[in-house]
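Novice: Let me give you the structure first, and then I'll get to my questions.
Throughout, read-outs are computed from the coordinates displayed, never taken from laboratory work. The model shown is predicted, which means the values in this text are computed figures rather than measured ones. Virtual Cβ from ideal backbone geometry, glycine too; neighbours counted across all protein chains shown.
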């Protein structure tokens, strides 16, 4: 843990009540920053206040689709962090509106407010030429951020795991109900899953000024694992025997199109397209030390963290005896 010298510095964190956000807010509060948490529903973000001292963490209303609310949220801030992203589109919350145009608005407002540092969270796989709308909007957001705020730092995590994650929890819950789990495209896609606490620490280091301005950092855990290996590890920890059945790409795309129209869709066509590319830290980022280890963070493994929260999916939860 780092104790920061600038005890009265203020950080505005957009999306601070989300899965990654609550860990980032805690990491910043530990350093002594005053944290303004900019979220669409501040009335639902009160749970963040106990993560810091009395009055240290303050939820405020902001929506990336409304520039005036962004300007108000960055007023008097020394630093800004933007964590806002979508896994699924719904209503007015579209990839382009939030991850491209919204990111640009945050960067523009931060620059105009005289903010010293901006840390923007994107994702490994961001690519302007991708067939997936999610990846394209992430790339457009990155380009817009660096155009508006050239000294900004961008972090691209691989799949993030931790309590409340959207990946391991989803498949562990599915394994409770279904005798089979789908291996989309045969389960060969490679991931480099990264612990949410390590991502939060990296972002806090960016606020501290430990990252090179204008650079893109890629954050992955210590292990590269295929989709199949991730599901096998989840099943081992939850002590459930389930058949892993390969789902060819054409069938997965068809299912994604059909299921994608549902609210809280379990699978979308866009997600299937994303799975066609490996999601790992690139060789250039490793060579330039634009990684967790390059920042002095020893990334924690899936084996160390997953049992701490996936145990709830065992047949008798925490009371299930260890196998073997």
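Novice: Please arrange 178, 122 by counting, for each residue, the other beta carbons lying within 10 Å of its beta carbon, fewest first. Mind dumping the intermediate values first?
Specialist: Numbers: 178 12, 122 24.
Listed from fewest to most nearby Cβ atoms, that is 178, 122.
Novice: Across the Cα atoms of region 230-324, what radius of gyration and what greatest pairwise Cα-Cα distance (Dmax) are found, in Å?
Specialist: Final numbers for Rg and Dmax: 18.1, 47 Å.
Novice: Starting from the Kirkwood Rh over alpha-carbon pairs, what translational D in µm² s⁻¹ does the chain have by Stokes-Einstein at 20 °C and 1.002 mPa s? Show your work: numbers first, answer last.
Specialist: Working: Rh = 20.3 Å.
So the translational diffusion coefficient is about 105 µm²/s.
Novice: Taking every pair of Cα atoms in region 198-247, average 1/r, invert it to obtain the Kirkwood radius, and report Rg/Rh to two decimals.
Specialist: 1.23
Novice: Can you give the % of DSSP beta bridges in the chain that are antiparallel, to the nearest 5? Display every interim value, and only then the final one.
Specialist: On the way: 3 of 36 bridges.
Bridges in the chain are about 10 percent antiparallel.
Novice: Hey, another quick one. Nearest 10 degrees, 0 to 90: what angle lies between the long axis of helix 102-112 and the longest principal axis of the chain (Cα atoms)?
Specialist: 20
Novice: Here is a further query. Which one, 37, 145, 60, has the greatest fluctuation when you compute a Gaussian network model over the chain with C-alpha springs under 10 angstrom?
Specialist: 60
Novice: Here's another thing I want to ask about it. Please state the relative contact order of region 12-95 as a whole percent: Cα pairs under 8 Å, 6+ residues apart?
Specialist: Numbers: 122 pairs, mean separation 26.7, N = 84.
RCO, region 12-95: 32 percent.
Novice: Just to compare against my own numbers: the Cα pair-distance distribution for region 181-265, 10 Å bins, whole % per bin, please.
Specialist: Spelled out per bin, shortest first, that is 15, 28, 30, 20, 7.
Novice: Any idea how far apart residue 147 and residue 97 come out in nm if each label point goes 7 Å out from Cα toward Cβ?
Specialist: Reported label-point gap for residue 147 and residue 97 is 2.1 nm.
Novice: Oh, and also: Please give the calculated 222 nm ellipticity per residue for the chain, where each DSSP H segment of at least 4 residues contributes -39500 (n - 2.57) and the sum is spread over every residue; nearest 500 deg cm²/dmol?
Specialist: On the way: 12 runs with 112 residues, N = 324.
Using -39500 (n - 2.57) per qualifying helix, the result is -10000 deg cm²/dmol.
Novice: What does the convex hull of the alpha-carbon atoms of region 141-295 project to on average, in nm²?
Specialist: 10.4
Novice: Between 0 and 90 degrees, rounded to the nearest ten: what's the tilt of helix 19-30 against the longest Cα principal axis of the chain?
Specialist: Its long axis makes an angle of about 40 degrees.
Novice: If you restrict to DSSP beta bridges whose two residues both lie in region 12-128, what percentage is antiparallel, to the nearest 5?
Specialist: Working: 1 of 16 bridges.
Bridges in region 12-128 are about 5 percent antiparallel.
Novice: Which value in Å does the Kirkwood hydrodynamic radius of region 72-162 take, with 1/r averaged over all unlike C-alpha pairs and then inverted? Could the numbers behind the result be given before it?
Specialist: On the way: mean 1/r = 0.0754 Å⁻¹.
Roughly 13.3 Å, rounded to one decimal.
Novice: Moving on to the next point. Compute the long axis of helix 249-259 from its Cα atoms, compare it with the longest principal axis of the Cα atoms of the chain, and write down the angle in degrees, 0 to 90, nearest 10.
Specialist: The helix 249-259 is inclined about 70 degrees to the chain.
Novice: Right, another one. Can you quote the Å³ per residue value for the convex hull of the Cα atoms in region 1-74, rounded to an integer? Working shown, then result.
Specialist: Working: hull volume 6.0 nm³, N = 74.
Residue-normalised Cα hull volume stands at 81 Å³.
Novice: Given Cα pairs under 8 Å that are at least 6 residues apart, what percent is the relative contact order of the chain? Present the calculation step by step, with values, prior to reporting the outcome.
Specialist: Details: 649 pairs, mean separation 50.5, N = 324.
The normalised contact order for the chain reaches 16 percent.
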